Amino acid sequence: MVASLLRPLAVALGALIAVPAAGQQPPDRVALAYDVYTGGLQVIEFGLDIGLDATRYDVLTRLKTRGFYATLFPWEQVSRATGQVSDQKVAPLRYEQRGRFRGSERTVDIDFRSGRVADIRVVPTAADDNDREVLSSDDVLGAVDPLSGVVSMLIRVNRGDRCEGSYDGFDGRRRFNIAFTDRGPERVEGGGAGTVAGQARGCSFVWRQTGGFVRRVTWGADRQREPQTGRVWLAEAIARAPVVPIKVEIDSNWGRTLAYLRRPAP
């Protein structure tokens, strides 16, 4: 199912947008857009804005299937995460997701207290979502939302550290683990005219679902427990902006999925 294939991609591309609290100035912001291809066809438009300061972050991503895939898998989704930064560590406050897949509404709301999951609300419910396993707050202890986990890794790379480590994530339905391995400096080829190329820090990753499995798989073989591997390349693509993903590759039984950062307009 296309949603299962592209979920790790959405995680790998997660980034930041600033929405200031009362009386505060927003962090610096930069808007990015990606073209996503599978089998040589563009399947998704992915957009994000980036903003981050020393004390807080606010993440917003948007995706929409397009072309032939939009006919087969009509899918639109907006995801957002807010949180605090302290000593280069993130503490999530809230994660929400609004989407529509094949005409059905899908929403997620997660509230965090002291960086831990405190309240989970999803539509459809686990029982109505192919009889999915229900995960409680205790079941996801220590997990952060998908975007906050990526924020933590981007902070690490932006301060000059290697792209190493792992984190446990929770998207409201699935618990997962994503582990990163640094590949060092590598040359990146773009995806054609208008996309970013050049030197970047390569980073391999492995995404594994660890909880929240559906019991009634309706999209073919049950591959929920199979790891998905991929690579992401990070670089300073825009002046005075943080290091961001400029290319992402995902390996799967559906074929290789590629995401390229579009070159921002001057």
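Brief remarks on what is shown
- Selection of the stretch 128-137 for residues being among the polar types (S, T, N, Q) and either crowded, with 19+ Cβ neighbours inside 10 Å or without any contact (Cβ under 8 Å) to a residue 40 or more places away in the chain (or both) yields Ser136, Ser137.
Here's the yes/no breakdown for (1) modelled with pLDDT under 85; (2) more than 14 Å from the chain's Cα centre (by Cα):
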| residue | (1), (2) |
| --- | --- |
| Gly14 | yes, no |
| Pro20 | yes, yes |
| Gln24 | yes, yes |
| Leu41 | no, yes |
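- For Val140: the one exception among (1) surrounded by 17 or more Cβ atoms within 10 Å (Cβ to Cβ); (2) modelled with pLDDT of 90 or more; (3) out of contact with any helix residue (DSSP H, G or I) (no Cβ under 8 Å at 6 or more places or on another chain); (4) part of a strand (DSSP E or B): (4)
- Odd one out for Ala126 among (1) assigned to a loop (DSSP other than H, G, I, E, B); (2) closer than 25 Å to Asp58 by Cα: (2)
- Gln209 being among the polar types (S, T, N, Q) and surrounded by fewer than 15 Cβ atoms within 10 Å (Cβ to Cβ): no
- Applying the set (1) of a type outside the set (A, V, I, L, M, F, W, C); (2) more than 21 Å from Arg80 (Cα to Cα); (3) surrounded by 15 or more Cβ atoms within 10 Å (Cβ to Cβ) to Asp145 leaves exactly one unmet item: (2).
- Residue among Val157, Val123 that is surrounded by fewer than 17 Cβ atoms within 10 Å (Cβ to Cβ) and either in contact with a Ser or Thr (Cβ under 6 Å, 6 or more places away or on another chain) or under 30 Å from Gly202 (Cβ atoms) (or both): Val123
- Selection count where residues are without any contact (Cβ under 8 Å) to a residue 60 or more places away in the chain and under 22 Å from Asp53 (Cα atoms), scope the stretch 87-122: 12
The values are calculated or read from the model by the stated rules, or taken from the named source; none is laboratory data. Treat the numbers as computed from the prediction; the structure is a model and nothing was measured. Here Cβ is always computed from backbone atoms with ideal geometry, including for glycine, and neighbour counts include all displayed protein chains.
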